[in-house]
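Some notes on the structure that comes next.
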Amino acid sequence: MVSLGMTDKNSGKNFSTTVPGGNHYSLIIKRGTRLRITDINGNSNLSTLFYNVNNMTERYNMADTIKSQRNIHIQSGTALYSDMGRIFCMVISDNCGGHDTIGGMTNSVIVEKKYGIATYQDFRNGMHRNSQDGFLIELSKYGLGKRDIIPNINFFSRLTVDLDGKLVFHENFSQAGSSVELFFMMNTLMVVAACQHPSDPDEEYNPKPISLTGWYCGLQDSPIRDLLLSDRDNRGMHNTNQFYTMMEY
């Protein structure tokens, strides 16, 4: 658990860490922070959840995020919405594009069925992990639990729907060095698990590492002004700013 960008706004403090393949992680991100997520080796997957630090009952909403852009994929210019009509962050840069919003997360049953059993007692840090259990461990640090798990984002994985309504996983979608950069408009708890996508056809348990690099630049230097926002996203921005204005009173 790491606090990212929560220091004085003039400190200019940067942050960088690597989440090993299969591991889980959580961090608190101050609004006005830029965060770059990088696929180090290629073909990675980062399952991700967002929560409002100032009101943990407010969290990422898949349906509103999809509806706002009329697209099931996350890409440059996408606003990631909360279930209260506010915007956690905007995707301001993305050299991969088309990240998954509908594929869900792995759990112990899926991992055991696909890759077999590998417990900590027998394999130590080489044990088989899954996103759901990783989320539960991280959420427990903030007084949250299973009922607080929501439909997640899968960065660096692409899932489409064919004409028969079947989900199609795109292999070799993300290359080594692919990255997506987010600019946060809310004080956000970000919870991640660097586990394989549940639809990944790879028969080997082989989760890949992810790099997280953040720096506080402040709202006055917001890169969002360079994006072409829809009327809906402008309303979302207004709702978000109004929330923090009210908090000041």
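The values are calculated or read from the model by the stated rules, or taken from the named source; none is laboratory data. Just so it is clear, the structure is predicted and the values come from calculations on it, not from any experiment. Here Cβ is always computed from backbone atoms with ideal geometry, including for glycine, and neighbour counts include all displayed protein chains. Accessible surface areas use protein heavy atoms only, side chains included; no ligands, DNA or RNA. Shrake-Rupley method; radii C 1.70, N 1.55, O 1.52, S 1.80 Å.
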**Report entry** One residue from G177, G236, G214 being loosely packed, with under 14 Cβ neighbours inside 10 Å and either in a strand (DSSP E or B) or touching a residue at least 24 places away in the same chain (Cβ under 8 Å) (or both)
**Finding:** G177
Report summary line: Scanning segment 65-82 for residues that are surrounded by fewer than 21 Cβ atoms within 10 Å (Cβ to Cβ) and aliphatic (A, V, I, L, M) gives I66, I72
Query raised in the report: Which members of segment 83-128 meet the condition of being in contact (Cβ under 8 Å) with a residue 12 or more places away in the chain, closer than 26 Å to F50 by Cβ and open to solvent by 70 Å² or more (accessible area, probe 1.4 Å)?
Result: M84, N95
Query raised in the report: If we scan segment 143-166, do we find a residue that is within 15 Å of M105 (Cα to Cα), surrounded by fewer than 18 Cβ atoms within 10 Å (Cβ to Cβ), aromatic (F, W, Y) and at pLDDT 95 or above?
Result: no
**Report entry** Subset of segment 239-249 that is in contact (Cβ under 8 Å) with a residue 24 or more places away in the chain and not polar (S, T, N, Q) - its residue that is surrounded by the fewest Cβ atoms within 10 Å (Cβ to Cβ)
**Finding:** M247
Query raised in the report: Within segment 52-64, is there a residue that is over 15 Å from the mean Cα position of the chain (by Cα), open to solvent by less than 20 Å² (accessible area, probe 1.4 Å) and under 23 Å from Y205 (Cα atoms)?
Result: no
Report summary line: Listed by first then second residue, the pairs whose first member lies in segment 49-74 and is under 23 Å from D231 (Cα atoms) and among the hydrophobic types (A, V, I, L, M, F, W, C), whose partner is open to solvent by 40 Å² or more (accessible area, probe 1.4 Å) and in a loop (DSSP other than H, G, I, E, B), with beta carbons under 7 Å and at least 6 positions apart or on separate chains, are M62/P151; I66/I72; I72/I102
Query - Looking only at segment 180-211, and only at residues there that are acidic (D, E) and either surrounded by 24 or more Cβ atoms within 10 Å (Cβ to Cβ) or in contact with a helix residue (DSSP H, G or I) (Cβ under 8 Å, 6 or more places away or on another chain) (or both), the one that is nearest to A118 (Cα to Cα) - result: E204
